[in-house]
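Take a look at the structure below.
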Amino acid sequence: MNLILSMLIGVGLSAACGFRVFIPLLVMSISALTGNLELASDFQWIGSDSALYVFTIATILEMIAYYIPQVESFLSSISTTVTAIAGTIVMSSFVVDVSPLLQWSLAIIAGGGTSTVVQASRNKIKNVIGLRDVASNNFSLLSLEILTAVLLSSLLIISPVLTLFLIAIIILILFKKFIFNVSIKFIRF
């Protein structure tokens, strides 16, 4: 896999970490075990049976935990840090054949930054549409976030170029619908 495509997949999976931390790691583990994903040599452990078991359990626990209001509130309070770490790990596992300085610089900036921006944008959208206080009780919204993380992660492994194109379209639609409308409302006051 060439470096640019690997980095784009890494950024995309880091973005998926912004929705749910462990789903992209689980998809990566399954893909690496089945031979559909090439990881950097230092991150071959992601494709091990042990990692698969850990990521499966962590994913199940994370999905269940978000449906419990008190736990969801706690997870939301630590999610920025955890999301940044997961995004950094995901991105660094795709940056191959470069110096360690470049690998970790790209991982922290592109991976950690992307996952954090997605997570913060998710929270911003909840605030804009008035769901921040009731998000923990909103089954459909939480389910949509899980579905988004699963689809984004899976599609990036299956067809990365098409998926990245779809992501760009979705970002433009969301930006126009939520961010642009909010700024117009503030200008009117």
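All of the numbers you see were taken from the coordinates with simple rules; none came from a lab. What you are looking at is a predicted structure, and each value in this text was computed from that prediction instead of being measured. Using ideal geometry, Cβ is built from the backbone for each residue, glycine included, and neighbour counts are taken over all protein chains shown.
Below are the figures for this structure:
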item	result
Charge sum, other residues only, whose C-beta stays under 11 Å from residue 115's C-beta, Lys/Arg counted +1 and Asp/Glu -1	+2
Segment 3-188, relative contact order [Cα under 8 Å, separation at least 6], %	33
Nearest-ten-degree value, helix 160-174 long axis tilted from longest Cα axis of the chain	10
³J(HN,Hα), Karplus 6.51/-1.76/1.60, whole Hz, each residue of segment 44-55, x for Gly, Pro	4, 4, 4, x, 8, 4, 4, 5, 4, 5, 5, 5
Distance from segment 23-54 to segment 72-101 (C-alpha centre basis), Å	15
Helix-only [θ]222 nm of the chain, DSSP H runs n ≥ 4, -39500 (n - 2.57) each, per residue, nearest 500	-23000 deg cm²/dmol
Translational diffusion coefficient (Stokes-Einstein; Kirkwood radius from C-alpha pairs) of segment 3-188 at 37 °C, 0.692 mPa s, in µm²/s	194
Between 0 and 90°, nearest 10: helix 69-92 axis offset from the chain longest Cα axis	40
Efficiency of FRET between residue 73 and residue 176 - r from beta-carbon atoms, R0 30 angstrom, step 0.05	0.45
Cα Rg, Dmax (largest Cα-Cα span) when computed across segment 1-80, Å	14.0, 44
Relative packing of 26-32, 54-60, 75-81, 145-151, which averages over residues the other C-beta atoms within 10 Å, highest first	26-32, 145-151, 54-60, 75-81
Computed FRET value (nearest 0.05) for residue 58 with residue 105, which takes r as the C-beta separation and R₀ as 30 Å	0.65
Most positive-pole-ward Cα, 31, 173, 82, against dipole of the chain from beta carbon charges	173
Rounded to the nearest 20 debye, dipole of segment 3-188 from Cβ charges on Lys, Arg, Asp, Glu	980
Max mean-square fluctuation residue, GNM over the chain, Cα-Cα springs under 10 Å, options 87, 47, 112	47
